[in-house]
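A.B. asks: Below you'll find the structure I mean.
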Amino acid sequence: MYFVLFLLGVALGSFLNVLITRYNPDQKFSLSAITGRSYCDSCKKQLRWYELVPLISFIIQKRACRSCGTRLSWQYPLVEFMMGILAVLIGRLFLYGYVFSAAVTTGELYISIIFWLVVSMVLLFALMIDAKHYIIPNGTNILLFILGVIWTVWVVWLGFGREISQGSFLGHFAPLFGSFGGVVLNHIIGMLLAVVFFILIVLVSRGRGMGIGDVKLVSALGLLFGWPDIGVIVFASFIIGTILIIPLLITRQKRGSDQIPFGPFMVVASLVVLMWGTSLLQAYFDIIGKLGGGI
């Protein structure tokens with residue numbers, strides 16, 4: 001089962017590479033950009049099917065175009081492999097009941113897996129585009145917002161309208177953060193709290209510490225994950241950002257005045273909470289407990 005999921009994820013990653021490579025922030029993204037035949041960016045030669053086999057073609061061709069010898073970007077195998085791993089982790093998450101403790105049908109679990117595979121693709125797309133172009137496309141945020149509405153309705157449909165721990169990726173830790181009266185309100189208010197917090201950062205920093213694109217992204221993530229998950233995601237995104245940025249500042253690869261995209265940190269934090277939210281909080285409380293016991 002995991003092998004099938006990995007192959008599915010790799011195939012989705014290959015398609016995702018097409019979207020990432022062909023995205024141009026200065027042009028409107030059209031259907032032809034998705035349906036057109038793949039070609040070498042350097043020599044423009046149309047690629048054959050055996051040059052497009054995910055992961056394998058990259059290895060066999062020794063990271064070079066067969067026609068002109070131009071070196072290929074590591075983005076291609078990286079995105080494909082990441083989607084493969086994400087597919088396996090998402091399958092494990094739902095098939096072994098880490099999200100829904102109550103009984104749901106196998107069909108409902110598979111629908112949830114497919115849904116979060118789509119979400120993972122959109123998140124990975126946002127990460128790569130923001131890292132490359134310092135922009136988060138409005139279409140990406142709109143799609144995540146729509147997915148947030150769908151997931152909220154789906155969780156309620158499964159019968160978890162008032163159980164905060166159901167549908168939350170923080171599991172039995174979710175009630176510790178309180179509830180606003182049910183899944184729907186938790187998702188709506190979670191979105192609003194995240195938006196207000198990020199807008200305050202934009203105003204205080206006068207746009208230097210955070211961009212409007214980040215506000216749009218956190219609003220979509222707030223609706224998708226809801227409260228209390230979005231709170232942990234925001235907190236984790238700042239921790240991840242700090243861990244990754246400090247070494248760059250110390251080695252002077254980046255300066256304090258340099259533009260650093262925050263979207264990738266939110267995406268990574270979202271995926272971490274999605275996969276390991278409960279384990280993350282368990283580790284946190286274990287550490288706090290040990291520190292408290294040693295004082």
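A.B. asks: Might you let me know whether region 50-60 holds any residue that is within 30 Å of residue 151 (Cβ to Cβ) and either at pLDDT below 75 or crowded, with 18+ Cβ neighbours inside 10 Å (or both)?
C.D. replies: So far as region 50-60 goes, yes, one or more of its residues are within 30 Å of residue 151 (Cβ to Cβ) and either at pLDDT below 75 or crowded, with 18+ Cβ neighbours inside 10 Å (or both).
A.B. asks: How about region 161-172: which of its residues are at pLDDT below 70 and either within 24 Å of the chain's Cα centre (by Cα) or of a type in the set (Ser, Thr, Tyr) (or both)?
C.D. replies: Hits for region 161-172 are 164, 165, 166, 167.
A.B. asks: Still on this model: Report yes if some residue within region 205-213 is closer than 23 Å to residue 138 by Cα, within 18 Å of the chain's Cα centre (by Cα) and surrounded by fewer than 19 Cβ atoms within 10 Å (Cβ to Cβ); otherwise report no.
C.D. replies: Taking every residue of region 205-213 in turn, none turns out to be closer than 23 Å to residue 138 by Cα, within 18 Å of the chain's Cα centre (by Cα) and surrounded by fewer than 19 Cβ atoms within 10 Å (Cβ to Cβ).
A.B. asks: Then there is this: Could you please let me know if residue 286 is among the acidic types (Asp, Glu), more than 29 Å from residue 140 (Cα to Cα) and either out of contact with any His (no Cβ under 6 Å at 6 or more places or on another chain) or free of Cβ contacts under 8 Å to residues at least 12 places away in the same chain (or both)?
C.D. replies: It is true that residue 286 is among the acidic types (Asp, Glu), more than 29 Å from residue 140 (Cα to Cα) and either out of contact with any His (no Cβ under 6 Å at 6 or more places or on another chain) or free of Cβ contacts under 8 Å to residues at least 12 places away in the same chain (or both).
A.B. asks: Still on this structure, I have one more. Considering only region 112-135, how many residues are more than 22 Å from residue 211 (Cβ to Cβ) and modelled with pLDDT under 90?
C.D. replies: The qualifying residues number 1.
A.B. asks: Could you check region 187-295 for helices (runs of 4 or more DSSP H) lying wholly inside it with 2 or more residues that are touching an Asp or Glu at 6+ places or on another chain (Cβ under 7 Å) and not polar (S, T, N, Q)?
C.D. replies: 263-294
A.B. asks: Follow-up. Return the pairs, sorted by first residue and then second, in which the second residue is surrounded by fewer than 17 Cβ atoms within 10 Å (Cβ to Cβ) and among the hydroxyl-bearing types (Ser, Thr, Tyr), the first residue lies in region 11-22 and is within 21 Å of residue 134 (Cα to Cα), the beta carbons are less than 8 Å apart, and the residues are 6+ apart or on different chains.
C.D. replies: 18/38
A.B. asks: Related question: Report yes if some residue within region 145-153 is at pLDDT below 90 and either more than 21 Å from the chain's Cα centre (by Cα) or more than 18 Å from residue 113 (Cα to Cα) (or both); otherwise report no.
C.D. replies: no
A.B. asks: Does region 134-153 hold any residues that are outside any loop (DSSP other than H, G, I, E, B) and surrounded by fewer than 16 Cβ atoms within 10 Å (Cβ to Cβ), and which are they?
C.D. replies: If the condition is that a residue be outside any loop (DSSP other than H, G, I, E, B) and surrounded by fewer than 16 Cβ atoms within 10 Å (Cβ to Cβ), then 138, 139, 142, 146, 149, 150, 153 are the ones that fit.
The values are calculated or read from the model by the stated rules, or taken from the named source; none is laboratory data. Being a predicted model, the structure only gives us computed values, none of them experimental. No Cβ is skipped: glycine too gets one built from the backbone with ideal geometry, and neighbour counts run over all protein chains shown.
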